[in-house]
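In what follows, a single structure is set out as structure tokens and then discussed.
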Amino acid sequence: MIKSMTGYGGAKGTSGKIDISVELKSVNSRYLDCSIKLSRVYIAFEEPIKQTVQKHISRGKIDVFITIDSSNADDVEIKINRALAEGYLTALTVLADEYSLNGDISAAALIRIPDILIASKREVDKDRLCTDICAVLEEALTAFDNMRQSEGEKLNNDIALRLDEIERLTKAAMEASPASVAEYRRKLEARMQEVLQTADIDEQRILAEAALFADRVAINEETVRLFSHTMQLREMLSSSEPVGRKLDFLVQELNREANTIGSKGNDAEIARITVDLKAEIEKIREQAQNIE
């Protein structure tokens, strides 16, 4: 089943006591354009994140938003600068003795001295964190793919209806083509009678002219190719592989055959059919722009 290039997905998870949130959104693009929105502290994770995305997506402009919240993590460690504390304590004791100062030296007084206590973060296991981020990303991509498949089903159904109409119009063009030749012969015979002012017209000459006209306006090859292209399109729509680029090319071929039929068909009915054909092909082209 085909997938749309537009979609949204999200997931949340944890790595220890670190909260991870992932959101994805995508729009149409001719090629794959993956943008990672992530804190620069974790910039080294970009490559494995992109590789995970590429397993699911072949083209489209996708934005990946990753939020890492470590506010609940117990990764802060308080260290005592013992050498500095002992130095201050010795100096304060000497001052108290030499100047007969009253009062005890308290811990509260010591910790107010700069650099006695040092707060630092414990080292995060970056390999584990990266693995957990990619696991949450996989969940978000699953939701993202489900939405794209749902959109793809709607595109599939719409294109299938367009193909039915294109095949109907192609058959109508095939039926109208012999009638245009007969009409040309009738008009040619009437014109010759008017010019020559006689009912005695050379039948062989009329047959020869009609045969040349029939060869010039024959659309058999174009209609056969149109049916072939619509069959290929149906096969592509049932494929599990990304087919967006192939669809773009095949729609161009459909349009080329329709243009040729329009240029050959020297008939108002065929001209009308050609306009309707091109309108349906254009609608398929617009839908194909959304397909991965």
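Quick notes
- Counted residues, region 137-161 - those being buried (at least 20 other Cβ atoms within 10 Å of the Cβ) and either touching a Pro at 6+ places or on another chain (Cβ under 8 Å) or over 10 Å from ILE2 (Cα atoms) (or both): 5
- Scanning region 253-292 for residues that are under 30 Å from SER29 (Cα atoms) and of a type in the set (Asp, Glu) yields GLU253, GLU257, ASP276, GLU280, GLU282, GLU286, GLU292.
- Selected residue (only one of LYS50, LYS61, LYS12 is over 30 Å from ARG245 (Cα atoms) and either at pLDDT 90 or above or among the hydrophobic types (A, V, I, L, M, F, W, C) (or both)): LYS12
- Close contacts from region 272-285, counting a first residue that is on the phi < 0 side of the Ramachandran plot and a second that is buried (at least 16 other Cβ atoms within 10 Å of the Cβ) and outside any helix (DSSP H, G or I), with Cβ to Cβ under 9 Å and a gap of 6+ residues or different chains, come to ILE273/GLY265; THR274/GLY265.
- Residue count for region 76-94, restricted to those that are of a type in the set (Asp, Glu) and in a strand (DSSP E or B): 1.
- Strands (runs of 3 or more DSSP E) wholly inside region 3-74 containing at least 3 residues that are over 18 Å from ARG128 (Cα atoms) and touching a residue at least 40 places away in the same chain (Cβ under 8 Å): 7-15, 18-27, 60-69
- Extreme residue, surrounded by the fewest Cβ atoms within 10 Å (Cβ to Cβ), among residues of region 244-272 that are of a type in the set (A, V, I, L, M) and modelled with pLDDT of 90 or more: LEU250
- For region 232-243, the candidate set comprises residues that are assigned to a helix (DSSP H, G or I) and in contact with a helix residue (DSSP H, G or I) (Cβ under 9 Å, 6 or more places away or on another chain); within that set, the residue that is surrounded by the most Cβ atoms within 10 Å (Cβ to Cβ) is LEU233.
- Test result for TYR99, farther than 17 Å from GLY9 by Cα, of a type in the set (Ser, Thr, Tyr) and in contact (Cβ under 8 Å) with a residue 24 or more places away in the chain: no
Conditions (1) acidic (Asp, Glu); (2) part of a loop (DSSP other than H, G, I, E, B); (3) closer than 23 Å to ILE78 by Cβ; (4) modelled with pLDDT under 85, marked per residue:
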site	(1), (2), (3), (4)
ALA96	no, no, no, yes
LEU101	no, yes, no, yes
ILE105	no, yes, yes, yes
ALA109	no, no, yes, yes
ALA119	no, no, yes, yes
VAL124	no, yes, yes, yes
ARG128	no, no, no, no
VAL136	no, no, no, no
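- Note on region 77-130: residues that are surrounded by 11 or more Cβ atoms within 10 Å (Cβ to Cβ) and not acidic (Asp, Glu) amount to 25.
The values are calculated or read from the model by the stated rules, or taken from the named source; none is laboratory data. Predicted model, so just to flag it, every value in this text is computed and none were measured. All Cβ positions, glycine included, derive from the backbone under ideal geometry; neighbour counts span all protein chains shown.
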